[in-house]
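Below is one structure, written out as structure tokens, with a few remarks after it.
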Amino acid sequence: MAVKGLRPVVIKHHHPLKKSLCYVAAVLVLLVGGWLLFDYGLSRAGFDRAQTSEERDLLRDRIQQLEAEVTALSAQKAVHKHAREIDRHAYDQIDNLLKAQQSKVLELKEEVIFYRGIVGSSDQVRGLQILSFRLESNGSERNYRYRLIVNQLEKSNRVIKGRVKLSIIGLQGDEQVVLSHAKATKREAVGELFRFKYFQELDGDIVLPEGFVPLRIKVKAKSSGKKPKSIERIYNWSELAG
């Protein structure tokens, strides 16, 4: 029997888990649908995902191949550089050896000239001789090194002594001047003393003053004793220093 004034009671059942699953399912449907629509759009635009992936793999392989070639070329470059250094070192050694041999040949030629003078024929002038005179640059423009060899042609082979003096004829401005031995060599004015039985080599430095232009150099050797003898040679500077 119904009671007047009272509303019927409706009982509703709540399922929160079911509601959450429905939300999740709806989101998944939207995502999958969106991805399918995106992929369909790419395919319609000419984009092939499989082909792109294949091309990417090919590019990676090509990059690895090029990196390997670069490594190999770098190794070859290092080998060639080392070989060039070895070749340059060998060239320098050969060049130095050649220069040393040329210098030795020149010395031997001078010795030949000297011994020709020693064993010369009997009609040669006897006594004190100036066998050879050389002039070389000494590392700077106005600094030179001279080398002089004096000998004697005597059957008795007696000891001979004396001195050698140098003098340099040149121009200082427009004026011709003569540099004495002391001024040219910065040594004693008496000259270079010698004392020998067969021959002797003398050497020293020549320093030219600023502005001086050398033309000729005079070498004078004079022996001492009871029968002194004097001999003089004049050389063109250009022939000696050229």
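If you go through segment 207-225 and keep only what is under 44 Å from the mean Cα position of the chain (by Cα) and either assigned to a strand (DSSP E or B) or surrounded by 15 or more Cβ atoms within 10 Å (Cβ to Cβ) (or both), you end up with Val207, Leu208, Phe212, Val213, Pro214, Leu215, Arg216, Ile217, Lys218, Val219, Lys220.
When you go through Glu232, Glu188 one by one, which is the residue that is farther than 14 Å from Tyr146 by Cα and either in a loop (DSSP other than H, G, I, E, B) or among the aromatic types (Phe, Trp, Tyr) (or both)? Answer to the selection: Glu188.
Every residue, every condition in (1) of a type outside the set (Phe, Trp, Tyr); (2) within 15 Å of Trp237 (Cα to Cα); (3) in contact (Cβ under 8 Å) with a residue 40 or more places away in the chain; (4) out of contact with any Ser or Thr (no Cβ under 7 Å at 6 or more places or on another chain), yes or no:
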| site | (1), (2), (3), (4) |
| --- | --- |
| Arg134 | yes, yes, yes, yes |
| Ser140 | yes, no, no, yes |
| Val159 | yes, no, no, yes |
| Leu171 | yes, yes, yes, yes |
| Ser180 | yes, no, no, no |
| Phe199 | no, no, yes, yes |
| Leu202 | yes, no, yes, yes |
| Arg216 | yes, yes, yes, yes |
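Of all residues in segment 121-165 being at pLDDT below 85 and of a type in the set (Asp, Glu), which is farthest from Gly191 (Cα to Cα)? Only one residue tops the list, namely Asp123.
I'd like to know if segment 160-170 contains one or more residues that are surrounded by fewer than 19 Cβ atoms within 10 Å (Cβ to Cβ) and part of a loop (DSSP other than H, G, I, E, B). No: segment 160-170 contains no residue that is surrounded by fewer than 19 Cβ atoms within 10 Å (Cβ to Cβ) and part of a loop (DSSP other than H, G, I, E, B). Conditions: (1) surrounded by 15 or more Cβ atoms within 10 Å (Cβ to Cβ); (2) hydroxyl-bearing (Ser, Thr, Tyr); (3) closer than 17 Å to Asn138 by Cα. Ser238 meets all but one. Number of the miss? Evaluating Ser238 over (1) surrounded by 15 or more Cβ atoms within 10 Å (Cβ to Cβ); (2) hydroxyl-bearing (Ser, Thr, Tyr); (3) closer than 17 Å to Asn138 by Cα leaves (1) as the failure.
The values are calculated or read from the model by the stated rules, or taken from the named source; none is laboratory data. These figures come from a predicted structure and were not determined experimentally. We place every Cβ from the backbone using ideal geometry, glycine too, and count neighbours over all the protein chains shown.
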